[in-house]
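The values are calculated or read from the model by the stated rules, or taken from the named source; none is laboratory data. This one's a predicted model, so the numbers in the text were calculated from it and none came from an experiment. Note: ideal-geometry Cβ built from the backbone for every residue, glycine included; neighbour counts use all protein chains shown. Just the protein is used for accessible areas: all its heavy atoms, side chains included, with ligands, DNA and RNA removed. Shrake-Rupley method; radii C 1.70, N 1.55, O 1.52, S 1.80 Å.
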Amino acid sequence: MVRSSHILAAALFAALLGGCGGGVAPLTFDLAALPPAGRPIAAGRSIVVSEPVGIQPFEADRIIVRENGGALSFLGGGQWADRLPRLIQTRLIQSLENSGRLRSVSRPGDKVVADYQLISEIRAFDVQAATGEAVVDLSLKLVADGTGKVAAARIFTARVPVSKIDAGNGARALDQALVTVLADVVRWVNSGR
């Protein structure tokens with residue numbers, strides 16, 4: 001009798017836990033950094049890369065769809081491997097490091113003395129239902145660390161077609177669009193502008 005009550009309690013506990021998950025766990029997607037560019041070139045500049053800012057929906061780990069009329073919703077069945085701003089910051093840092101053209105690339109909390117701070121804003125990072133495209137739109141500023149003067153500013157945009165609006169296709173297309181933007185950002189930062 002005691003054994004059967006333990007089995008019943010375990011079954012009830014398992015059922016309660018199963019109900020907490022709300023079904024199938026979403027797939028988790030990552031974003032890619034640019035690969036190493038080969039032989040490093042000696043350079044004297046160092047850069048601190050801040051975490052991008054953006055409107056509240058971009059602060060999460062969800063894949064966003066911009067519906068007709070501008071409404072934002074989340075794509076079911078998928079999520080990013082981290083909060084989107086932190087994931088973009090990490091891939092920016094890795095891509096700049098992989099270029100081999102800077103003395104150092106770090107985060108603000110690393111306490112590294114830098115020549116410039118790279119400040120960015122996520123203007124778009126979503127799948128647009130009306131056009132069937134993944135759109136990445138980032139605004140970046142290179143700010144001289146000692147003076148706070150904006151040395152250069154530019155908006156980087158890439159669009160990649162999405163064959164079907166679902167988590168897998170949306171995440172892949174957004175990743176491809178980000179790689180295009182990262183390549184443009186690395187060229188821009190390394191050009192000294």
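How fast does the range 109-193 diffuse by Stokes-Einstein, in µm²/s, taking the Kirkwood radius from C-alpha pairs at 10 °C and 1.306 mPa s? Intermediate results must be reported in sequence, preceding the final value.
Values: Rh = 14.1 Å.
Answer from the Stokes-Einstein relation: 112 µm²/s.
Using 1/(1 + (r/R0)^6) with R0 = 30 angstrom and r between the beta carbons of E67 and W188, what's the FRET efficiency to the nearest 0.05?
Working: r = 32 Å, r/R0 = 1.07.
It comes out at approximately 0.40.
When DSSP assigns beta bridges and you keep just the ones with both residues in the range 29-189, what percent turn out antiparallel, to the nearest 5? Don't jump to the answer; show the numbers that get you there.
Numbers: 27 of 39 bridges.
Just about 70 percent of them are antiparallel.
Rounded to the nearest 500 deg cm²/dmol, what is the calculated helix-only ellipticity per residue at 222 nm for the chain, with -39500 (n - 2.57) per DSSP H run of length n ≥ 4? Mind dumping the intermediate values first?
Details: 3 runs with 59 residues, N = 193.
It lands at -10500 deg cm²/dmol.
Relative to the first principal axis of the alpha-carbon coordinates of the chain, what is the inclination of helix 2-20, with its axis defined by its Cα atoms, in degrees from 0 to 90 and to the nearest 10?
Approximately 40 degrees, to the nearest ten.
Among V127, V113, V135, whose mean-square fluctuation peaks in a Gaussian network model of the chain (Cα, cutoff 10 Å)?
With Cα springs under 10 Å in the chain, the top fluctuation among V127, V113, V135 is at V113.
Between S104, S95, S163, find the one with the highest GNM mean-square fluctuation for the chain; connect C-alpha pairs within less than 10 Å.
Largest GNM mean-square fluctuation: S163.
Where is the GNM fluctuation largest for the chain (alpha-carbon springs, 10 angstrom cutoff): N68, N98, N169?
Looking only at N68, N98, N169, the largest GNM fluctuation is found for N68.
Could you grab the Rg to Rh ratio for the chain? Cα atoms only, Kirkwood for Rh.
Details: Rg = 21.3 Å, Rh = 18.6 Å.
Ratio of gyration radius to Kirkwood radius for the chain: 1.14.
How big is the accessible area of R154 in square angstrom, nearest 10, if you roll a 1.4 angstrom probe over the protein chains?
100 Å²
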